[in-house]
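These notes concern the structure reproduced below.
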Amino acid sequence: MIRTRPNGSNNVAGNEHPLVELSHVEKHFGKLHVLKDINLKVGKGEVLVVVGPSGSGKSTMCRTINRLETIDSGTIRIDGQLLPQEGKDLANLRAEVGMVFQQFNLFANKTILENVTLAPVKVRHMDKKEANDLGMDLLARVGVELQANKMPSQLSGGQQQRVAIARALAMKPKIMLFDEPTSALDPEMVNEVLEVMINLASEGMTMICVTHEMGFARKAADNIVFMADGRILEKGTPDEFFDHPKTDRARDFLSKILTH
Ligand SMILES: Nc1ncnc2c1ncn2[C@@H]1O[C@H](COP(=O)(O)OP(=O)(O)O)[C@@H](O)[C@H]1O
Ligand SMILES: [Mg+2]
């Protein structure tokens, strides 16, 4: 699919640094070697889809990018800046990376609008009125503006996940990470969430998406990364990956997920 990007480019332009760059990243959980020499560049406006069998390190890799997990060695840069170890610098850089998980984890005792405005008010010190306007805009963008004053439990799973996306966008992140955002949803709600993600992609958002939704991957991804056993085994366009996988591991994976 050809998408028009506001910046006119899907790739890392000649002298522009990648928005996300992982270089020789290694990570262990005790004796378990979960990330092995991960090298990855994601350009501004690029949509990268990460696929691979369960346990291959996809979630861990995402979590290292906003430092929910530390790494043993290697470097991670966001927009050219080394990911800080801790403190205010880390909080600032982390705010540039929006994350949406399988479990949407909205605050149960806050309204939908409050869920979206909380971080801009607390972290960005935005005034209430401005935050509410931003919140309503974002809720409209994901199609749940009519639910603004309801509590999360009154919304469907698909609606809650769309609120979680709006909440992440409220921090005006430079990049959005999605870790299996539709895996916990009833099947009839998957598409409404994918549509929001496809719209975001077409608006030029830089995105890293771990997903098993291969239709989405074909449609929205600029590049696909295939991980297995903590390594990136393949990276290519959707056509390259789906039609001409290079490794037995990827062929095996595709035969299992595409036959149903
Ligand atoms: N906090 C943790 N402590 C110990 N092991 C973990 C932890 N998180 C993940 N793992 C292990 O690391 C490996 C990679 O996990 P994960 O990144 O969740 O893979 P994926 O998202 O591809 O399914 C798995 O073997 C998993 O059991
Ligand atoms: Mg995972």
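The values are calculated or read from the model by the stated rules, or taken from the named source; none is laboratory data. Note that the structure is predicted; figures quoted are calculated from it, not measured. Ideal geometry is used to build each Cβ from the backbone, glycine not excepted, and the neighbour counts take in all protein chains shown. Quick note on the areas: whole protein, heavy atoms, side chains included, nothing else; ligands and nucleic acids left out. Shrake-Rupley method; radii C 1.70, N 1.55, O 1.52, S 1.80 Å.
Met136 satisfies every condition listed in (1) out of contact with any Gly (no Cβ under 7 Å at 6 or more places or on another chain); (2) crowded, with 17+ Cβ neighbours inside 10 Å; (3) at pLDDT 95 or above except (2). Taking strands (runs of 3 or more DSSP E) as the structural unit, those lying wholly within the stretch 20-130 and holding at least 1 residues that are within 16 Å of ligand 1 (Cβ to nearest atom) and farther than 30 Å from Ser153 by Cβ correspond to 20-29, 32-42, 47-51, 73-78. Listed conditions (1) within 16 Å of ligand 1 (Cβ to nearest atom); (2) touching a Pro at 6+ places or on another chain (Cβ under 8 Å) are all met by Glu203, apart from (1). Within the stretch 160-209, the set of residues being within 16 Å of ligand 2 (Cβ to nearest atom), among the charged types (D, E, K, R) and modelled with pLDDT under 95 is empty. Screening Lys246 with (1) more than 16 Å from Val50 (Cβ to Cβ); (2) within 16 Å of ligand 1 (Cβ to nearest atom) gives one miss only, at (2). Screening the stretch 239-260 for residues that are of a type outside the set (Ser, Thr, Tyr) and in a loop (DSSP other than H, G, I, E, B) and picking the one that is least open to solvent (accessible area, probe 1.4 Å) gives Pro245.
Going through the stretch 42-62 one residue at a time, which ones are under 14 Å from Met214 (Cα atoms) and either open to solvent by 20 Å² or more (accessible area, probe 1.4 Å) or within 10 Å of ligand 2 (Cβ to nearest atom) (or both)? Of everything in the stretch 42-62, those that are under 14 Å from Met214 (Cα atoms) and either open to solvent by 20 Å² or more (accessible area, probe 1.4 Å) or within 10 Å of ligand 2 (Cβ to nearest atom) (or both) turn out to be Val50, Gly52, Pro53.
Residue-wise test of (1) within 23 Å of the chain's Cα centre (by Cα); (2) farther than 15 Å from Met171 by Cβ.
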position	(1), (2)
Gln102	yes, yes
Lys110	no, yes
Leu113	yes, yes
Leu134	yes, no
Ala140	yes, yes
Lys150	no, yes
Ser156	yes, yes
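Considering the stretch 179-196, the residues that are free of Cβ contacts under 8 Å to residues at least 40 places away in the same chain and not in a loop (DSSP other than H, G, I, E, B) include one that is surrounded by the most Cβ atoms within 10 Å (Cβ to Cβ), namely Val193. Quick check on this structure: which one of Asn199, Asn149 is over 20 Å from Lys58 (Cβ atoms) and in a helix (DSSP H, G or I)? None of the others qualify; the one that does is Asn199. Taking the stretch 112-147 as the range and being of a type in the set (D, E, K, R) and out of contact with any Leu (no Cβ under 9 Å at 6 or more places or on another chain) as the test, the residues that pass are Glu114, Lys122, Arg124, Asp127, Lys128, Lys129, Glu130, Asp133, Asp137.
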